[in-house]
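Chemist: Quick one: structure below, then a few questions.
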Amino acid sequence: MYIFGNGRVITQDKNNPYLEDGAVVVQDDKIIDVGEFKDLSRKYSDAEFINAKGRVIMPGFINTHMHIYSSFARGMKVTGPTRNFDEILENLWWKVDKNLTLEGTKYSAYATYIDCIKNGVTTVIDHHASPYHLRGSLMTIGQVAEEIGIRASLSYEVSDRDGEEIAREGIEENIEFIKWANEKNSDMISGMFGMHAAFTLSDETLKKCQEAMEPYDNGYHIHVAEGYTDLENSLKVHGKRVVERLNDFGIFREKTIAVHCIHVNSHELDIIEKSKCNVVHNPESNMGNAVGCSPALHMMKRGIKVGLGSDGYTSDMLESYKVTNVLHKHHLCDPTVAWGETPQMLFDNNSEIVKKQFNCESGILKIGGKADIIIMDYLPHTEMNGDNLYSHILFGMAGRGTVTTMVNGKLVMRDRVILTIDEEAVLAKAREVSKEMWKSF
């Protein structure tokens, strides 16, 4: 049993949003009490005390769209032009994934999960690609997640860009992992059916994906209308817009994650809204790739559930949180927008998306919720309360301010030290493996 106390508690529970001197009590993988520190410290005097020292205790962050393998592009020299999104894919990301071995996949997972934990992220929904070392890749990433102690939902992005045989293997990889994860029935690991994007998938392959998924209700994970190429290809080759075409194959369902949804019109949003699927906004990636600004705020007004991801751009969800806030103000030329929508994406909607994946209550500190808890090194220099805490998060906190991270009732980092693996040894090996990968470019 643990008691996190002597700190300011942000619960994300609307019935009890903030405690100035609060405590959270954990038994096994669940939160069993939340309240005033002076009361709970007496009530649970036998619990191991995690002293926040006046800092902030809050739920761990959730990243609803990640590319773990992107960590191996950090510092890499890019060869070839990157003047538009198509060239960025061709000369950066598709070169990275084609050169990933299973060992590369494994150590990129170690590196990314360490980065996530150090930034207070306790749950990751990942979208993987390694076409020439595909089989077993999801299990490899899953085993690293189990070893390091982070919650993960995994999928492989099926695509026709590497040929029919590799597309078939991608379908099998997804189904085998989904079947394994479903049988495991854990709230720490789950599987989705991944696909790259409509413009790299033929109708024949989409049909095969649909047929393979008929027995399963796990949801798809796919990039939707991210770049203009996706829309242009869909109209020119298929005579339909992206969402219309994907909808013909039953892609949009309640557990599906439709990533980006930038180049969509009102009719397509009707389809998404009716399906009750989830859209994930990735502001930094969209800005970096110059693909446009997502109509995320408009989607939210329509009642579409929009979560927040990083698309591999960062492991720091507070970085994405800050960019979301200023991007939509800038794009709409309106400083009054995004104050409420941004925390709703990161805290409320990401939590609901995870609940669909794992059937557990995460991202909230309340009795019965999952014990995914972090301590942030933040001492406010103005009053902090239940009405202004999002302003403190926005302007005062950063992911790297995470001091301690607990996932599912297990301490995985304490006082900035990773407890489950040898961080220095693993990252030394990651540098060695990634350097070898770069040589193949």
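Chemist: Free of Cβ contacts under 8 Å to residues at least 12 places away in the same chain, within 22 Å of Asp187 (Cα to Cα), surrounded by fewer than 24 Cβ atoms within 10 Å (Cβ to Cβ) and not β-branched (Val, Ile, Thr): which single residue out of Glu383, Glu352, Glu361 fits that description?
Modeler: Of the residues listed, the single one that is free of Cβ contacts under 8 Å to residues at least 12 places away in the same chain, within 22 Å of Asp187 (Cα to Cα), surrounded by fewer than 24 Cβ atoms within 10 Å (Cβ to Cβ) and not β-branched (Val, Ile, Thr) is Glu361.
Chemist: Let me ask something else. Among (1) part of a helix (DSSP H, G or I); (2) crowded, with 24+ Cβ neighbours inside 10 Å, where does Val306 come up short?
Modeler: Single failed check for Val306: (1).
Chemist: Right, next: When you check Asp115 against the structure, is it open to solvent by 10 Å² or more (accessible area, probe 1.4 Å) and among the charged types (D, E, K, R), yes or no?
Modeler: Yes; evaluated as a whole, the condition is true for this residue.
Chemist: Oh, and also: Is it the case that the stretch 214-230 has a residue that's open to solvent by 30 Å² or more (accessible area, probe 1.4 Å), in contact (Cβ under 8 Å) with a residue 24 or more places away in the chain, out of contact with any Cys (no Cβ under 8 Å at 6 or more places or on another chain) and assigned to a helix (DSSP H, G or I)?
Modeler: yes
Chemist: Report, ordered by the first and then the second residue, all pairs with beta carbons closer than 7 Å, sequence separation of six or more or different chains, a first member in the stretch 105-134 that is of a type in the set (Lys, Arg), and a second member that is at pLDDT 95 or above and open to solvent by less than 10 Å² (accessible area, probe 1.4 Å).
Modeler: Hits for this filter: Lys106/Val144; Lys118/Thr402; Lys118/Met413.
Chemist: Among residues belonging to the stretch 401-441 that are open to solvent by less than 10 Å² (accessible area, probe 1.4 Å) and hydroxyl-bearing (Ser, Thr, Tyr), point out the one that is farthest from the chain's Cα centre (by Cα).
Modeler: Per the stated criteria, the residue is Thr404.
Chemist: Which of the following residues is in contact with a Pro (Cβ under 9 Å, 6 or more places away or on another chain) and either in a loop (DSSP other than H, G, I, E, B) or among the aromatic types (Phe, Trp, Tyr) (or both): Arg135, Arg161?
Modeler: On inspection, the qualifying residue turns out to be Arg161.
Quick grid of which residues meet (1) under 22 Å from the mean Cα position of the chain (by Cα); (2) of a type in the set (Ser, Thr, Tyr); (3) open to solvent by 30 Å² or more (accessible area, probe 1.4 Å):
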site: Asp126; (1), (2), (3): yes, no, no
site: Ala145; (1), (2), (3): yes, no, no
site: Asn174; (1), (2), (3): yes, no, no
site: Asn182; (1), (2), (3): yes, no, yes
site: Met188; (1), (2), (3): yes, no, yes
site: Gln210; (1), (2), (3): no, no, yes
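Chemist: Could you tell me which numbered condition Val291 fails, if it satisfies all but one of (1) under 23 Å from Phe85 (Cα atoms); (2) aliphatic (A, V, I, L, M); (3) part of a helix (DSSP H, G or I); (4) touching a residue at least 24 places away in the same chain (Cβ under 8 Å)?
Modeler: Val291 satisfies all of (1) under 23 Å from Phe85 (Cα atoms); (2) aliphatic (A, V, I, L, M); (3) part of a helix (DSSP H, G or I); (4) touching a residue at least 24 places away in the same chain (Cβ under 8 Å) except (3).
Chemist: Hey, Val323 hits all of (1) surrounded by fewer than 24 Cβ atoms within 10 Å (Cβ to Cβ); (2) more than 17 Å from the chain's Cα centre (by Cα); (3) among the β-branched types (Val, Ile, Thr) but one; which does it fall short on?
Modeler: The single condition Val323 does not satisfy is (2).
Chemist: Which count do you get for residues in the stretch 96-105 that are part of a helix (DSSP H, G or I) and buried (at least 20 other Cβ atoms within 10 Å of the Cβ)?
Modeler: Number of matching residues: 4.
Chemist: Here's another thing I want to ask about it. For residues that are surrounded by 22 or more Cβ atoms within 10 Å (Cβ to Cβ) and part of a helix (DSSP H, G or I), tally how many sit in the stretch 246-260.
Modeler: Final tally of qualifying residues: 1.
Chemist: With respect to Asp29, determine if the residue is under 26 Å from the mean Cα position of the chain (by Cα), over 30 Å from His381 (Cα atoms) and open to solvent by less than 10 Å² (accessible area, probe 1.4 Å).
Modeler: no
Chemist: A further question follows. So if I check each of His267, His263, which one is over 30 Å from Trp180 (Cα atoms), open to solvent by 20 Å² or more (accessible area, probe 1.4 Å), part of a loop (DSSP other than H, G, I, E, B) and modelled with pLDDT of 95 or more?
Modeler: After applying the criteria, what remains is His263.
Chemist: Identify the single condition in (1) crowded, with 22+ Cβ neighbours inside 10 Å; (2) more than 20 Å from the chain's Cα centre (by Cα) that Met376 does not satisfy, given that it satisfies every other one.
Modeler: Result: Met376 fails condition (2) only.
The values are calculated or read from the model by the stated rules, or taken from the named source; none is laboratory data. Since this is a predicted model, take the numbers as computed values, not measurements. For neighbour counting, all protein chains shown are included, and Cβ atoms are generated from backbone atoms with ideal geometry for every residue, glycine included. What goes into the accessible areas is simple: the full protein's heavy atoms, side chains included, and nothing from ligands, DNA or RNA. Shrake-Rupley method; radii C 1.70, N 1.55, O 1.52, S 1.80 Å.
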